[in-house]
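The next block holds one structure in the form of structure tokens; read it before the comments.
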Amino acid sequence: MRQSEDPAHAVSAEVCNIPPSGRYVSSLLRRVSLHERYFRTTQFVPAQESFQNGSTLEPLLYTVIPRVFFPSKPREELGNDFGRRFKFLNPWDKTTSENVPWTAELYWNFGYLGSVAGFAVLGALLAGAIVCVGWFRNVYVRVGMFGAIVPLVVQESNISLLVGNAIHASMGIMLLYAGLCVLGPAVKRVLGTGSVDAK
């Protein structure tokens, strides 16, 4: 590939040389690997775009606060900004969102070494969350909590978005569990039969 060639065009050219029978498989593998977005980020930063030094992670400070309590809470628009800056979207497109995989986001913030350190920290936190979920005695709660954190394993969207969604889902599951613990005995008495047991 020439130095001045757009990485996306280079990838498209390679796909065009693949027989039709394998083109769909190639497209699927490209999407799963997310390498194109990471590769484009390394080409643009710091040559055309500056390192963000953690600014894209700032939403983690308030992502757990429901909008009903924080009406002026900023919206997650990193995907659109990323898409326009790195030429995945047209400059005038202010509505479409492009996925920002964690590999690209961490490099965009901290470079190569920061990416390695960032993944080490995030991996340790994810492992700790999985261990904590295993402590729940109620099998339904465990299944629900695992379902809440599973999206963190497929890191195709920006960190604050996925982490925020996982936290909100976990909070919802715990509130539901608490509600069943409180209301379960009352429901059982009203029905007179069956069992409503959240423990």
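The values are calculated or read from the model by the stated rules, or taken from the named source; none is laboratory data. Bear in mind that the values here come from a model prediction, so they are computed numbers and not experimental data. No Cβ is skipped: glycine too gets one built from the backbone with ideal geometry, and neighbour counts run over all protein chains shown.
Quick one: in the stretch 142-160, of everything that is surrounded by fewer than 19 Cβ atoms within 10 Å (Cβ to Cβ) and hydrophobic (A, V, I, L, M, F, W, C), which residue is farthest from PHE119 (Cα to Cα)? Reasoning before the result, please.
Here is the first cut: in the stretch 142-160, the ones surrounded by fewer than 19 Cβ atoms within 10 Å (Cβ to Cβ) are 142-143, 146-147, 150-154, 156.
This time we only want the ones that are hydrophobic (A, V, I, L, M, F, W, C), so: 143, 146, 150, 152-154.
Details: VAL143: 25, PHE146: 20, VAL150: 17, LEU152: 12, VAL153: 12, VAL154: 13 Å.
Within the stretch 142-160, the match that is farthest from PHE119 (Cα to Cα) is VAL143.
Between a residue in the stretch 57-71 that is in a helix (DSSP H, G or I) and any residue that is exposed (fewer than 10 other Cβ atoms within 10 Å of the Cβ) and acidic (Asp, Glu), which pairs come within a Cβ distance under 7 Å, given they are 6 or more apart or on different chains?
none
One line per residue, one yes/no per condition, for (1) among the hydrophobic types (A, V, I, L, M, F, W, C); (2) under 20 Å from LEU162 (Cα atoms); (3) modelled with pLDDT under 95:
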position	(1), (2), (3)
GLN48	no, no, yes
ARG75	no, yes, yes
PHE88	yes, no, yes
PRO91	no, no, yes
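Those residues that are at pLDDT below 90 and assigned to a loop (DSSP other than H, G, I, E, B), I need them from the stretch 26-46; list them, please.
LEU34
How many residues does the stretch 134-157 hold that are among the hydroxyl-bearing types (Ser, Thr, Tyr) and assigned to a loop (DSSP other than H, G, I, E, B)? Spell out how you get there, then give the answer.
Filtering the stretch 134-157 for residues among the hydroxyl-bearing types (Ser, Thr, Tyr) gives 140, 157.
Of the ones still in play, those that are also assigned to a loop (DSSP other than H, G, I, E, B) are 157.
Residues flagged as among the hydroxyl-bearing types (Ser, Thr, Tyr) and assigned to a loop (DSSP other than H, G, I, E, B) within the stretch 134-157 amount to 1.
Determine which member of the set ALA169, ALA178 is over 30 Å from ALA104 (Cα atoms), modelled with pLDDT of 85 or more and surrounded by fewer than 18 Cβ atoms within 10 Å (Cβ to Cβ).
Working: ALA169 fails: over 30 Å from ALA104 (Cα atoms).
So the residue among ALA169, ALA178 that is over 30 Å from ALA104 (Cα atoms), modelled with pLDDT of 85 or more and surrounded by fewer than 18 Cβ atoms within 10 Å (Cβ to Cβ) is ALA178.
How many of the residues in the stretch 85-114 are free of Cβ contacts under 8 Å to residues at least 24 places away in the same chain and either over 16 Å from the mean Cα position of the chain (by Cα) or surrounded by fewer than 11 Cβ atoms within 10 Å (Cβ to Cβ) (or both)?
So the answer is 11.
Limited to the stretch 57-84, what total is found for residues that are within 15 Å of ARG40 (Cβ to Cβ) and surrounded by fewer than 19 Cβ atoms within 10 Å (Cβ to Cβ)?
Residues meeting the conditions: 3.
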